[in-house]
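Each value in this text was obtained by applying a stated rule to the coordinates, not by laboratory testing. Computed from a predicted structure; not experimentally measured. Backbone-built Cβ (ideal geometry, glycine too); neighbour counts: all protein chains shown.
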Amino acid sequence: MELKNKNLNLPIAIVSVVIPVVVAILFYLPRPEMHAGFDVRILPLFHAILNSATAVLLVASLYFIKNGHIKAHKVTNLIAVGLSVIFLISYVTYHFFTESTRFGDINHDGIVDATEKAMLGASRYAYYFLLLTHIVLAVVIVPLVLFTLLRGFQSDFVRHRKIARYTWPIWFYVAITGVIVYIMISPYYG
């Protein structure tokens, strides 16, 4: 596909807005009276595995480009993007069929009462800091990844490198914090 002369800024901007809007809407929609056809409770672990694999691929990608292995760099990044797309589809599926899990909700009643908050101590603040930065940067990373990929496919390597300097650490942070958030909240899944 010839992307050299295509201006894809508008489609990238649309996708970058639509994805977080759709995800945000999911948290306010009533849950359907239907079954997914499988136990969706396995999906958070699957998400953590996808995030872990993405982080490993990003480290490999950085290694490859620093050592001049351009084809391997490209392949690892494309696989990381593929895993991120799978993650997004799975994440939307999970939140379409289930209520959100609350950090610290030991008795699974949907409320974190004063006793449960007291038991969490300072870990509660660490969790919410990681979760908040993860969510905000997950929104930011979508256009960054898309523009970085586009510049690479257009062989605009000067601009590709310039944006990749920001894309890589943010994407890596999002992948790693996704795993940490999962590890921290997993005891509270019902």
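Counting other Cβ atoms within 10 Å as a rough exposure proxy, the listed residues Thr101, Thr76, Thr133 run Thr133, Thr101, Thr76 from fewest neighbours to most.
The number of Lys pairs in the range 40-188 with C-alpha atoms less than 20 Å apart, excluding pairs fewer than 8 positions apart on the same chain, is 4. For the chain, the longest principal axis of the alpha carbon atoms and the long axis of helix 70-97 meet at an angle near 30°.
Of the listed values [x] 31, 17, 15; [y] 26, 22, 19; [z] 34, 19, 15, grab the one calculated as semi-axes √(5λ) of the Cα gyration tensor in Å from the structure here. The listed entry that was calculated here is [z].
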